[in-house]
Amino acid sequence: MAKRGDRVLDLCCGSGDLAFLLSQKVGLDGEVMAVDFSRQQLQTAASRRDQRWNSCYKNINWIEGDALDLPFTDCYFDAVTVGYGLRNVVDKPKAMREIFRVLKPGTRASVLDFNKSSSFFTTSLQSWAIDNVVVPLASGYGLTEEYKYLKSSISQYLTGEELEKLAKEVGFSSAKHYELGGGLMGNLVTTR
């Protein structure tokens, strides 16, 4: 999706994992705009960059911003990624319109998140994993409250089919949702 020299957006960047990967992909002649509404997350990401310094990481710009009102001009980016963020945005259609707006024609966005499966088995497995692995592991780091919301946020999220429909309603020329990890995760890939 992203290639050397591209200008890319990592929306809802959190602590920066995707931004670091994108930085390496686009190289020093590329640019990564890593946007999150949480100043604390951005500070964590910047600190992580300093700890694991790689010369290409200087192409990352950490920006405090709103997914519903991006501070960029139309058709600005060659690619957009969202990792585990769209599910937490209050107005998903508006966020998708913003992603569409800032993408150049013919380019793609990738939205990775937990999957809201219609399979009882997958939903049960996901629920068990959150209760018995994710939250207990997070509690070991003092982050119990930060992860308790996962089950409810996933149950209120969109299915893969609904995500595809939303992307097409916004104007994307194509949208395909891929189930990953046995259906526990999902990745929506759209083309403007």
Scanning the stretch 14-47 residue by residue, those under 25 Å from V90 (Cβ atoms), open to solvent by less than 10 Å² (accessible area, probe 1.4 Å) and not in a strand (DSSP E or B) turn out to be G16, A19, A45
Out of (1) of a type in the set (K, R); (2) modelled with pLDDT of 80 or more; (3) open to solvent by 30 Å² or more (accessible area, probe 1.4 Å); (4) in a helix (DSSP H, G or I), the one K151 does not meet is (2)
Here the residues within the stretch 56-98 that are in a helix (DSSP H, G or I), touching a Leu at 6+ places or on another chain (Cβ under 7 Å) and either at pLDDT below 95 or not hydrophobic (A, V, I, L, M, F, W, C) (or both) are C56, N59, K92, P93, K94, E98
Among V111, V102, V90, V135, the single one that is over 22 Å from G5 (Cβ atoms), in contact (Cβ under 8 Å) with a residue 60 or more places away in the chain and among the β-branched types (V, I, T) is V111
- Does the stretch 157-179 include one or more residues that are within 26 Å of F77 (Cβ to Cβ), surrounded by fewer than 18 Cβ atoms within 10 Å (Cβ to Cβ) and either assigned by the TED database to the domain that holds T122 or under 15 Å from the mean Cα position of the chain (by Cα) (or both)? yes
Q | Boolean, I99 is crowded, with 22+ Cβ neighbours inside 10 Å and of a type in the set (V, I, T) | A | yes
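Scan D50, D10, D78 and give me the residue that is open to solvent by less than 10 Å² (accessible area, probe 1.4 Å) and farther than 22 Å from Y149 by Cα.
Only one candidate qualifies: D10.
The values are calculated or read from the model by the stated rules, or taken from the named source; none is laboratory data. The structure presented is a predicted model; accordingly, all values stated were derived computationally and were not measured. Backbone-built Cβ (ideal geometry, glycine too); neighbour counts: all protein chains shown. Note: areas computed on protein heavy atoms with side chains; ligands, DNA, RNA excluded. Shrake-Rupley method; radii C 1.70, N 1.55, O 1.52, S 1.80 Å.
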